[in-house]
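> Could you have a look at this structure, given as C-alpha cells, before my questions?
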Amino acid sequence: MEYRRLGSTGMYVSEIAYGNWITHGSQVEAEAAIKCVKAALDEGITTFDTADVYAGTRAEVVLGKALKGVRRESYELFTKVYWPTGPGK
C-alpha cells in the first residue's frame, strides 16, 4: 500500500480509503462487513470513511465492531456530521 501526506497535518494516510456508506448495516451482513474491514487492514488500508447517517448509524456501529481491538494509532477515521439522526431528530 502506498501512503500520502495529508496536507500540512503531518498525517500519512493510505492512498486507498475504505468507505462504508450504504453497505455496512444495510446491504452487507455485519459479519461479512467485519471480515472486509479486517482484510482491508491486512492489505495496508489505514483510512476509513464513515458518517452517522450511513444506514441510520448502523454503518458506524459495524465499523466500530470491526476496529475494536485494533490499536487506535494505526488507522485514520474520517467522518462527517450534518443531518440529525436518532430519536428526536
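The values are calculated or read from the model by the stated rules, or taken from the named source; none is laboratory data. Note that the structure is a prediction, hence the values are computed from the model and not measured. Quick reminder, even Gly has a Cβ in these numbers, built from the backbone with ideal geometry, and neighbours come from all protein chains shown.
> Give, as residue ranges, the strands (runs of 3 or more DSSP E) completely inside segment 6-62 that count at least 1 residues that are of a type in the set (Asp, Glu). Please lay out each step first, then the result.
Numbers: elements: 12-14, 17-19, 47-49.
Strands (runs of 3 or more DSSP E) meeting the threshold: 47-49.
> So, in segment 55-87, exactly how many residues are under 23 Å from Tyr12 (Cβ atoms), among the small types (Gly, Ala, Ser), in contact (Cβ under 8 Å) with a residue 24 or more places away in the chain and exposed (fewer than 15 other Cβ atoms within 10 Å of the Cβ)?
The qualifying residues number 1.
> Something else now. Among all residue pairs at least 6 apart or on different chains, which show Cβ distances below 9 Å where the first residue, located in segment 19-37, is over 16 Å from Leu67 (Cβ atoms) and the second is in a loop (DSSP other than H, G, I, E, B) and at pLDDT 90 or above?
Trp21/Thr50
> Just name the residue that is farthest from the chain's Cα centre (by Cα) out of those in segment 41-66 that are farther than 12 Å from Thr23 by Cα and of a type in the set (A, V, I, L, M, F, W, C).
Checking each candidate, the answer is Val53.
> Look through segment 19-51, keep the residues that are touching a Ser or Thr at 6+ places or on another chain (Cβ under 7 Å) and not polar (S, T, N, Q), and return whichever of them is surrounded by the fewest Cβ atoms within 10 Å (Cβ to Cβ). Please lay out each step first, then the result.
Step one: list which residues in segment 19-51 are touching a Ser or Thr at 6+ places or on another chain (Cβ under 7 Å), which gives 20, 33, 44-47, 50-51.
Still in the list and also not polar (S, T, N, Q): 33, 44-45, 51.
Working: Ala33: 22, Gly44: 12, Ile45: 19, Ala51: 19.
Looking at residues that are touching a Ser or Thr at 6+ places or on another chain (Cβ under 7 Å) and not polar (S, T, N, Q), I get Gly44.
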